[in-house]
Amino acid sequence: MLSFKAALDEFEHSARAIISARRSNVRINSHRQGARGFTLIEVLVALALVAVVLGGTLGVVRESIANQAHLERRLLAQWAAGNVLDQYLLEHEQLNVDKRRGKENLYGRRFDYALTVRKLPPPRARGLSGNASNAGGTPPTEYVVLVEIRDGGPRSAPIARIERQRRGVAAS
C-alpha cells in the first residue's frame, strides 16, 4: 500500500497533468476559434452598419443630383429671360405700353415667357423730389420692362424674372 504522502504526490502529479492538458487544449480550441473567422452575429451587425451608411450616402447623392437639375433649369431660365429682354430692347427703340407672350428655346429647353412694358408714374407722383424735368419742363416718361419665364404654362409660377427701367421720349 501506498503511504498517504505517496498517494498525495501521485494525485498532485495527475492533477497537474490534467490541468496542463486542459490548458493546452483550451489554448488550441481558443486558437481554433480565432482562426475560424467571425460569428454570424458579427457579420450581420457589420452588414447592417454598411447598409445604413450606404443608404444615407445614396440619399444625399440623390438629393444633390435633384438640386443640381433644378438650379440648372433656373439658370437657363434666367439666361432665356435676359435674351428675351435684350432682344425686345434692341427691336424697340421707342417704348410703349405692351404685353407679349412667346416661347424661347435655349440649349434644348423650351421656356414660355411673358413680357410686359408698363409706364411708371411721374417722379413727383412717386414721391421723388428734385428737378426731374427736361428743358421744356415736362419730365421724361419712364417705363418698366418685365420678363417672366415659366416652364409649365401660363398658370405656373415664374422660375425667372428680370425687370429693367428705361427712360422714354418726353411726352408732347
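The values are calculated or read from the model by the stated rules, or taken from the named source; none is laboratory data. Keep in mind it's a predicted model, so treat the numbers as computed, not measured. Backbone-built Cβ (ideal geometry, glycine too); neighbour counts: all protein chains shown. Quick note on the areas: whole protein, heavy atoms, side chains included, nothing else; ligands and nucleic acids left out. Shrake-Rupley method; radii C 1.70, N 1.55, O 1.52, S 1.80 Å.
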List the number of the failed condition for Pro154; all other conditions in (1) within 22 Å of Tyr88 (Cα to Cα); (2) modelled with pLDDT of 75 or more; (3) under 33 Å from the mean Cα position of the chain (by Cα) hold.
-> (2)
Single residue of Gln78, Gln94 found to be polar (S, T, N, Q) and at pLDDT 90 or above = Gln78
For Arg101, indicate whether it is in a strand (DSSP E or B) and at pLDDT 90 or above.
-> yes
Filtering the stretch 107-118 down to residues that are crowded, with 16+ Cβ neighbours inside 10 Å and over 16 Å from Ala157 (Cα atoms) yields Val117
Taking first residues from the stretch 152-172 that are under 15 Å from Arg109 (Cβ atoms) and second residues anywhere that are modelled with pLDDT of 90 or more and open to solvent by 90 Å² or more (accessible area, probe 1.4 Å), the pairs with Cβ under 8 Å that are 6 or more apart or on different chains are Ile159/Arg74; Ala160/Arg74
Does Glu93 fit the bill of being over 15 Å from Pro158 (Cβ atoms) and within 14 Å of the chain's Cα centre (by Cα)?
-> no
Pick from the stretch 115-151, criterion hydrophobic (A, V, I, L, M, F, W, C) and modelled with pLDDT of 85 or more, ranking: farthest from Asp86 (Cα to Cα) | Leu120
